[in-house]
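Report on the structure given below.
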Amino acid sequence: MSDPNDTSPTPTIGSIAWDLRETAGLTRRQLGEQTGVATETIRNFETDRCHPTAWTMFRLLTSPALRDLPKKAQEAGLVLDLHATPGERGET
C-alpha cells in the first residue's frame with residue numbers, strides 16, 4: 001500500500017535510465033557514441049518527451065550503463081515494451 005503523504009516523484013523508465021547513466025558517469029553524448037542513438041533522442045527519452053521505438057531501446061540496452069534498466073523498471077512496477085512494430089529498424 002502506498003503512503004498518501006509520499007511526495008516523491010513517480011519514477012518513469014526515462015528517469016530510471018537517466019539515473020543509471022548518471023551513476024555510470026556517462027554524458028548523453030558518451031551514451032550516444034556507445035549505442036548509436038542520437039543525443040537528442042536520449043534527452044527526449046530521459047525527460048519523458050517521447051517513448052523510444054523498440055529498435056532504439058534495444059540499442060540503448062547495449063550499453064553496460066543501462067543493462068539493469070529492465071530490472072529497475074520492473075521493480076518500479078513499470079513495463080518496458082521491447083516488442084518491435086512493423087517498419088522499425090532491424091525488422092527482418
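What are the residues in the range 49-67 that are in contact with a helix residue (DSSP H, G or I) (Cβ under 6 Å, 6 or more places away or on another chain) and at pLDDT 95 or above, if any? Quick ask: steps written out before the conclusion?
Of the residues in the range 49-67, the ones in contact with a helix residue (DSSP H, G or I) (Cβ under 6 Å, 6 or more places away or on another chain) are 50, 52, 59-60, 62-63, 65-66.
Of everything in the range 49-67, those that are in contact with a helix residue (DSSP H, G or I) (Cβ under 6 Å, 6 or more places away or on another chain) and at pLDDT 95 or above turn out to be 59, 60, 62, 63, 65, 66.
Within the range 34-65, track down each residue that is among the basic types (Lys, Arg) and exposed (fewer than 14 other Cβ atoms within 10 Å of the Cβ).
Within the range 34-65, the first condition is being among the basic types (Lys, Arg), and the residues that meet it are 43, 49, 59.
Scanning the range 34-65 gives a single hit, 49.
Could you please find all residues in the range 9-24 being modelled with pLDDT of 95 or more, more than 12 Å from the chain's Cα centre (by Cα) and either farther than 12 Å from residue 66 by Cα or assigned to a helix (DSSP H, G or I) (or both)?
Result: 22, 23.
The values are calculated or read from the model by the stated rules, or taken from the named source; none is laboratory data. For clarity, every value in this text was computed on a predicted model and none was experimentally measured. Heads up, the Cβs are rebuilt from the backbone with ideal geometry, glycines too, and the neighbour counts pull from every protein chain shown.
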